[in-house]
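K.L.:
The structure is given below, and queries will be raised subsequently.
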Amino acid sequence: MIPPLPDHMLRLLGRTEGDADTLGVLVRDQDTRRLLLLRALLDAAEAAPAALCPPRALDRLRQDWALLETAERADRGAVRTVLLHPLAGPWVQRCLRGLSGSATATGPGPELRADLAHLSALAAAAAIRAGIPFTTRLTAHDGLVSLPTLGALRTASATSTTVGIAFHDGELTMCEEAAGPPLLAHTQPDGTTGSADPRWLPVLALPAVPSGAGPVPLDDVDPYRTDGSGRRPHGLSAATHIDDHERKAWAESWNGVVPLLRIGGEHRLTEAAVLLRCLVPLGPPPGSGPTGESAAHCSGTRREAFGAVLSSKPATPAYFASTLVHELQHTKLSALGALVPLHHEDPEPRHFAPWRSDPRPFDGLLQGAYSHIALADYWQRFALAARRVTHRDLAWAEHARCREQVGAVLPVLAGSAALTREGRVLVNEMITLYHRLDDCPPPTGHLARAEAYVATTKVIWQQRNGPHRP
């Protein structure tokens, strides 16, 4: 793998910043890991017992791999767009876990069969993007045949059904057995695929962030946008499909994000341009009220889906921008932690974090503090730039809360004897940023409310989790 980051890059990252060169090191490392995992998948399938990967499935994997290689020779960038799509990460890891399981006499389970067959969809999408003609057959799941990064065919049947696919001269034909006329779609210059047929559900391409590699997909059809287990990470709602009205609302909100990110500093635009590869829409949080500036919101990232941000629709462009600031810090820190170890603390959840009701492991505490100090910095800059009193008050309130939350946990991070040298550099720079925020303190009222909020949160946390917790 790529050697560890030099100290000047670590210090930039510790201040929640990072220029294009620094972030590029993290991206290259993550991309290298993804490509190695894809190669490992083929190797694992070759080595797996026939009960897990029958000869027919292995032959199909080899054919798909050959199509990928043909497409890559024609247009390497087009193929990498598909293979490095964030949601291909959870898929390849599921396949590797399945192939490493115990063989049974009944053959692979339906989940592993579906996972292995998904390589056909990836290969087809890569060939379409590279302009390579092909014919293949894909199986629908949950009423959709997905072509990653492009869109999905909504089938007539909600059960598994086979769909024939052909691509030639920019035209895509998809034919569901005994279900009416074929669907016709065509590729467009921006890399998207469009159709007048309402059965085609395209992935909405949001305009690229300045200096970004390309448009940002709003992916609501990829089958691996959730982990498939039915479990939901803390505070997250389920992934959802969005209708035309919701697509328009997302697009309008996105149009206001870039100037608001720039308020937080050019580094906020840079990290969005370099790190953000797709958005996954989530439904409103359970029990949330009506939409508006105070509407409930949830967001998250997945370590195995580098570059993806999962989010319910933010109420305003300002909250959309702050969501990206928040979640891209998790993306950044997870990638850094994969490149160089930051600590050797155990994984026991025992620490108080003012943004969570449950005890957190040390790594979760570090992740949360890192994202919240970036938010404190962002909202302070927003408050100083805001012209309207209401916007300024909202920003100061958000800043004060985030700053007090970070201040409550920084002593635990700084006091850890298990930080590595790189981890110590990172935490020291976080402390430097924390004290730099004092140069422009929030109004007294906001500060007092934030202090009371964190103090009350700690009392409730101790009552819930027991006095034995530190």
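K.L.:
What's the whole-number percent of alpha carbon pairs in the stretch 81-144 lying beyond 16 angstrom?
P.N.:
Result for the distance tail: 54 percent.
K.L.:
Hey, another quick one. With unit charges on the beta carbons (Lys and Arg positive, Asp and Glu negative) and the dipole taken about the Cα centre of the chain, which residue among L365, P54, S334 sits farthest to the positive side?
P.N.:
L365
K.L.:
Assign unit charges at the C-beta atoms only (+1 for Lys and Arg, -1 for Asp and Glu), then state the dipole size of the stretch 24-69 relative to its Cα centre in Debye, rounded to the nearest 20. Don't skip to the end; give the middle numbers.
P.N.:
Working: 7 positive and 7 negative charges, 16 e Å.
With only Lys, Arg, Asp and Glu charged at Cβ, the dipole is about 80 debye.
K.L.:
Given DSSP loops and a limit of at most 11 other Cβ atoms within 10 Å, what is the longest stretch of the chain that contains no such trypsin sites (Lys or Arg not before Pro)? Walk me through the numbers before you get to the answer.
P.N.:
Details: sites that count: R231, R387, R388.
Answer from the scan: 1-230.
K.L.:
Could you list, bin by bin from short to long, the percent of Cα-Cα pairs of the stretch 308-415 in 10 Å steps?
P.N.:
Result returned by the calculation: 14, 41, 33, 11, 1.
K.L.:
So for the stretch 98-192, Kirkwood radius off the Cα pairs, Stokes-Einstein at 10 °C and 1.306 mPa s: how many µm² s⁻¹? The partial results should precede the final answer.
P.N.:
Numbers: Rh = 14.3 Å.
So the translational diffusion coefficient is about 111 µm²/s.
K.L.:
Can I ask one more? Over the heavy atoms of S211, what accessible area does a 1.4 Å probe trace out, to the nearest 10 Å²?
P.N.:
Surface open to solvent at S211 totals about 120 Å².
K.L.:
Quote the FRET efficiency, to the nearest 0.05, computed for E69 versus A414 with a Förster distance R0 of 41 Å and r equal to the Cβ-Cβ distance.
P.N.:
On the way: r = 50 Å, r/R0 = 1.22.
Calculated value: 0.25.
K.L.:
Tell me, what is the percent relative contact order of the stretch 281-419, built from C-alpha pairs under 8 Å that lie six or more residues apart?
P.N.:
Details: 177 pairs, mean separation 25.5, N = 139.
Computed value for the stretch 281-419: 18 percent relative contact order.
K.L.:
Right, something else. Can you run the Rg to Rh ratio on the stretch 181-229? Use alpha carbon positions and the Kirkwood inverse-distance Rh. Spell out each step's value before the answer.
P.N.:
Working: Rg = 13.4 Å, Rh = 12.8 Å.
When Rh is taken as the Kirkwood radius, the ratio is 1.05.
K.L.:
Could you tell me which residue out of Q380, V92, G415 lies farthest along the dipole of the chain toward its positive end? Charges go on the beta carbon: Lys and Arg +1, Asp and Glu -1, centred on the Cα centre.
P.N.:
It is G415, whose Cα lies furthest towards the positive end.
K.L.:
Any idea what the relative contact order of the chain is, in percent, if you count C-alpha pairs under 8 Å spaced at least 6 apart? Working shown, then result.
P.N.:
Numbers: 775 pairs, mean separation 63.4, N = 470.
Contact order relative to length: 13 percent.
K.L.:
Can you give me the pair-distance distribution of the stretch 1-129, C-alpha pairs, 5 Å bins, whole percents?
P.N.:
Taking all Cα pairs of the stretch 1-129, the binned fractions are 2, 10, 18, 18, 15, 12, 9, 7, 5, 3, 1, 0 percent.
K.L.:
Follow-up question, since we're still on this one. So, how do all the Cα-to-Cα distances of the chain break down into 10 Å bins, in percent, from 0 on up?
P.N.:
Binned Cα distances yield the sequence 4, 19, 28, 25, 15, 7, 1, 0.
K.L.:
Taking N as the number of residues in the stretch 372-470, what value does Rg over Cα atoms divided by 2.2 N^0.38 Å take? Can you show the working numbers first?
P.N.:
On the way: Rg = 15.3 Å, N = 99, 2.2 N^0.38 = 12.6 Å.
The reported ratio for this selection is 1.21.
K.L.:
What does the charge dipole of the chain about its Cα centre add up to, to the nearest 20 debye, if the Cβ of each Lys and Arg holds +1 and the Cβ of each Asp and Glu holds -1?
P.N.:
Values: 47 positive and 49 negative charges, 167 e Å.
Value, rounded to 20: 800 debye.
K.L.:
Let me ask something else about it. With runs of 4+ DSSP H residues as the only contributors, calculate the mean residue ellipticity of the chain at 222 nm using -39,500 (n - 2.57) per run, divided by the residue total and rounded to the nearest 500. Walk me through the numbers on the way to the answer.
P.N.:
Numbers: 14 runs with 237 residues, N = 470.
My calculation for the chain gives -17000 deg cm²/dmol from helical runs alone.
K.L.:
If Lys and Arg each add +1 and Asp and Glu each add -1, what is the summed charge of the other residues whose beta carbon sits under 13 Å from the beta carbon of L324?
P.N.:
Details: positive: R262, R268, R277, K332; negative: E271, E327.
Local charge sum for L324: +2.
K.L.:
Let me ask something else about it. Using 1/(1 + (r/R0)^6) with R0 = 45 angstrom and r between the beta carbons of T432 and E252, what's the FRET efficiency to the nearest 0.05? If you can, show how the numbers build up before the last one.
P.N.:
Working: r = 38 Å, r/R0 = 0.84.
The calculated FRET efficiency here is 0.75.
The values are calculated or read from the model by the stated rules, or taken from the named source; none is laboratory data. Since we're looking at a predicted model, the values are computed, not measured. Every residue, glycine among them, receives a Cβ derived from its backbone with ideal geometry; neighbour counts consider all protein chains shown. Accessible surface areas use protein heavy atoms only, side chains included; no ligands, DNA or RNA. Shrake-Rupley method; radii C 1.70, N 1.55, O 1.52, S 1.80 Å.
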